[in-house]
């Protein structure tokens, strides 16, 4: 009798243990719900790192012209013949390129001021005397260029002053020229070529020097 009772307890304990283990097993459906990847993430493509694909910008870029110096003078005597002389002289030097170490010559670039070349009568100074001659007014262009070259740090090789004050620059800031006698020259001391830009605008003469 005791033996049967013991066997009954043993079987009952075993059945209880088996049922407990079965209850501890995870539900396959529940487990799948917990680890399933959301559909929105499954359909979202991976985004590449755009910063890694962007090429690095160039460290150096082509540099444009650099303004080295600029000067302008007022046209006080605006008679038609004199203004035409101013325009002819500006046209002759405009666009002229001076290489490093090269010496620019005003007379060599503008050439003789003759009626055959289109120059007309205009006021000039002969010593301290004011008179008229073909090409009168051209000294205003050479004086404006002189001040521009000085501002740009060019080496002044040759320059002459008038014997009296002129009305377009301060005393001592002029550069008179006379073809075959007195020239205005400067040397390009920059490390790059220099280009002259010269022109007549309403009421003024404007000259610029560009490093190119």
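The values are calculated or read from the model by the stated rules, or taken from the named source; none is laboratory data. Predicted model only: the values in this text are computed from it and were never measured. When we count neighbours, we look across all protein chains shown, and the Cβ atoms used for this are built from the backbone with ideal geometry, even at glycine.
Where residues in region 132-158 are in a helix (DSSP H, G or I) and surrounded by fewer than 20 Cβ atoms within 10 Å (Cβ to Cβ), which of them is farthest from the chain's Cα centre (by Cα)? So that I can check it myself, show each step before the final result.
The initial filter retains those residues of region 132-158 that are in a helix (DSSP H, G or I), namely 138-151.
If we keep only those that are surrounded by fewer than 20 Cβ atoms within 10 Å (Cβ to Cβ) too, we end up with 150-151.
Working: 150: 22, 151: 19 Å.
The extreme case among them is 150.
Based on this model, can you work out whether residue 163 counts as surrounded by fewer than 14 Cβ atoms within 10 Å (Cβ to Cβ), free of Cβ contacts under 8 Å to residues at least 60 places away in the same chain, in contact with a strand residue (DSSP E or B) (Cβ under 9 Å, 6 or more places away or on another chain) and assigned to a loop (DSSP other than H, G, I, E, B)?
In short, yes.
So which residues in region 77-116 are in contact (Cβ under 8 Å) with a residue 24 or more places away in the chain, under 18 Å from residue 176 (Cα atoms) and in a loop (DSSP other than H, G, I, E, B), if there are any at all?
Within region 77-116, 77, 111, 112, 113 meet the criteria.
Just to be sure before I move on: is residue 195 surrounded by fewer than 18 Cβ atoms within 10 Å (Cβ to Cβ), part of a strand (DSSP E or B) and at pLDDT 95 or above in the structure I sent?
Taking the combined requirement at face value, the residue satisfies it.
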